[in-house]
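Structure, as structure tokens:
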Amino acid sequence: MDRIKIGDIELIAVTDGAAPPVSPSWPFPEVPENDWNSHRYALDPDGLHTSNFGCFVIRDKEATILVDTGMGIIHLRDLVNHQDFCRAASWQLA
């Protein structure tokens, strides 16, 4: 966990894993392949992209806030089988 303190506010980065490497066109289908040439640092040696999953905790003396934008339900269908997808979808609605 990475942390930074700004005045009385603490920002904590929490990671819960990474997806298997995929072609950058999978998470970013609108980006032309040539546009990745100036962003090779974001890809592994094989030219694949790895998504990191995580969230942030913002905390001060009075409150703790979890900030998690999530990856949405569209790509989730492609990552898990149907039973796991239904379980995950019900968690998102809870």
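The values are calculated or read from the model by the stated rules, or taken from the named source; none is laboratory data. Everything numeric in this text was worked out from a predicted model, so none of it was measured. In this analysis, Cβ positions are derived from the backbone assuming ideal geometry, glycine residues included, and neighbour counts consider all displayed protein chains.
The residues of the range 1-16 that are over 14 Å from Phe56 (Cα atoms) and either out of contact with any Lys or Arg (no Cβ under 9 Å at 6 or more places or on another chain) or in a strand (DSSP E or B) (or both), listed by number, are Ile6, Gly7. Going through the range 13-31 one residue at a time, which ones are among the small types (Gly, Ala, Ser) and touching a residue at least 12 places away in the same chain (Cβ under 8 Å)? Ala13, Gly17, Ala18, Ala19, Ser23 - these are the residues of the range 13-31 that are among the small types (Gly, Ala, Ser) and touching a residue at least 12 places away in the same chain (Cβ under 8 Å).
A residue that is out of contact with any strand residue (DSSP E or B) (no Cβ under 9 Å at 6 or more places or on another chain), at pLDDT below 75 and of a type in the set (A, V, I, L, M, F, W, C) occurs nowhere in the range 47-64. Answer with yes or no whether Asp44 is assigned to a helix (DSSP H, G or I) and surrounded by 10 or more Cβ atoms within 10 Å (Cβ to Cβ). So Asp44 fails the test. Out of Glu62, Glu30, I need the residue that is over 20 Å from the mean Cα position of the chain (by Cα) and in a loop (DSSP other than H, G, I, E, B). Which one? Every option except Glu62 fails the conditions.
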